[in-house]
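The values are calculated or read from the model by the stated rules, or taken from the named source; none is laboratory data. In this text, all values refer to a predicted model and were calculated from it rather than measured experimentally. Cβ atoms come from the backbone with ideal geometry, glycine included; neighbour counts cover every protein chain shown.
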Amino acid sequence: MSGKTTRILVLVGVAVAAALVAAIGVLAFSGGKGTASKAEYQTTIANSRDRVDYAYSRITQSTSWDDAANRMDEASAVVASVANDIDDAAVAKGFEDLNAQFATSLHTFSDALANAADLYRDPTFQTTLESSNSFGLEEWDKVNAVLAKMQKQGLKIQLLARH
């Protein structure tokens, strides 16, 4: 072989080796969310639930329709953030499907809160809203349904409270 051919082979070999190292690095650092222990996952879910519950409870402390709408928007943003965190969280074995359901139900709940805020701002609904004595969303029930399934699988977590 000529010196030129050897150099080309060495360069090709180095390029292949570099590509292999890069691929291994990508797989190692982005190969998934990772796995959490059941205790770690329970803490993640409990903290997530607490963040959602706190944001939702603040709606009941509203002093006006505009304040309620603003608090719903704030709660929607918090719930969306929690949903994204759950999407990215390390999950305990056996909870993968429930984790996906939890994230989806939180995204839907966030959307419902944003839609409710828009409704509260619509003056044509003021009379209807004034005659109501509670605030509830079907999506809230769906989040709790997923939390209840997690409880049945052994997580020691609370459901969202009624406010």
Out of the residues in segment 57-96 meeting the condition of being closer than 15 Å to ALA117 by Cα and of a type in the set (D, E, K, R), tell me which one is surrounded by the fewest Cβ atoms within 10 Å (Cβ to Cβ).
ASP66
Going residue by residue through segment 133-141, is there one that turns out to be under 23 Å from GLY34 (Cα atoms) and among the polar types (S, T, N, Q)?
no
Of these, ALA103, ALA90, which one is touching a strand residue (DSSP E or B) at 6+ places or on another chain (Cβ under 8 Å) and closer than 21 Å to LYS156 by Cβ?
ALA90
Report yes if ALA39 is among the aliphatic types (A, V, I, L, M), at pLDDT 95 or above, part of a helix (DSSP H, G or I) and over 19 Å from GLU139 (Cα atoms), otherwise no.
yes
Which fully enclosed helices (runs of 4 or more DSSP H) of segment 57-163 have 2 or more residues being under 22 Å from TYR41 (Cβ atoms) and β-branched (Val, Ile, Thr)?
65-88, 96-121, 138-152
Might you check whether a residue that is of a type in the set (Gly, Ala, Ser) and either closer than 25 Å to SER37 by Cα or touching a Pro at 6+ places or on another chain (Cβ under 9 Å) (or both) occurs anywhere in segment 50-57?
no
Name the pairs whose Cβ atoms lie under 6 Å apart, with the first residue in segment 62-73 and assigned by TED's automatic domain parsing to the domain that holds ARG51, the second part of a helix (DSSP H, G or I) and of a type in the set (Lys, Arg), and 6 or more positions between them or separate chains?
SER62/ARG71; ALA69/ARG121; ARG71/ARG58
When you go through (1) assigned by TED's automatic domain parsing to the domain that holds ALA83; (2) modelled with pLDDT of 95 or more one by one for GLU130, which number turns out not to apply?
(2)
